[in-house]
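For reference, the structure is listed below as C-alpha cells.
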Amino acid sequence: NAGVTQTPKFQVLKTGQSMTLQCAQDMNHNSMYWYRQDPGMGLRLIYYSASEGTTDKGEVPNGYNVSRLNKREFSLRLESAAPSQTSVYFCASSFLQGDTQYFGPGTRLTVL
Amino acid sequence: SQQGEEDPQALSIQEGENATMNCSYKTSINNLQWYRQNSGRGLVHLILIRSNEREKHSGRLRVTLDTSKKSSSLLITASRAADTASYFCATELDSNYQLIWGAGTKLIIKP
C-alpha cells in the first residue's frame, strides 16, 4: 500500500499561473482533505470531501477549487496563483470524518 | 481561529528525560488527536483519545484528557533523539466532525 500520494513534490509558479495538485489514496477511505501549512503554524483546512461526490469549504477556501474525481482521488486547483499561496500543501484521508487522518508527503509551492 | 493551542511552543530537553506538552481547546469535542511531524514531512498519527476517556497509553506515550478544563497533555517518557519533531494536537468538533489544529510544539532532544 502506498497510502496517500501527492504530486508534484515541488512547484514554482509565477503570479497568475494556474496549476492542479493531485492526491490519491489506496486505503479505501471515504473522506479526503486539503490543508496548507505556513511556517510556524498548524494546518489550516482548505477544502474537504466527506464522501465521494461531496466537497465542502474549510477555513481558508478562497483562491482554490477542488474536485473529488472518484473515491481515490482528490485534486486541488489554483486558478490564478498569488504570492500569498506560497505554502506547503498536504493531502490527507480518513475512513470517516473525525477519524485518524493519514497524510501525504506534501507539495512545496512557491509563487513568485 | 485556533481551536487547539499547544504549550509550550518549543521545548528542548536532554535525551532520556521526559517531555510534556499541553493542548487547550475551546468548544465541545468528540475526540482529540496527537500527531508528530518530522521536519519537512507529512504528519503521523500518534494517539486518539475520545471525550469519554481520561487516559491512553501507546509505548512511551501517555495522553490525558480533562474535558472539564478543556485540556490534554502528551507525555513522552525516556526521550530519544528520534523524538525530535513538532507535535500537534487536533480536536474533532462535536458540531461538524471537522478536525481543528493547533500551531504545534517543537521538541528538540539534545544528545
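Partner lysines whose Cα lies under 19 Å from the Cα of B:Lys70, excluding those fewer than 8 positions away in the same chain, are identified as B:Lys26, B:Lys56.
Straight-line reach from A:Lys71: which aspartates and glutamates fall under 18 Å, measuring Cα to Cα and dropping same-chain residues less than 8 apart? Output for A:Lys71: A:Asp26, A:Glu52, A:Asp56, A:Asp99.
Compared with the direct C-alpha span, the chain from B:Leu61 to B:Ala82 gains 6.2 nm at full extension, assuming 0.36 nm per residue.
No lab work stands behind these numbers, since they all come straight from the coordinates. Keep in mind the model is a prediction, meaning the values are calculated, not measured.
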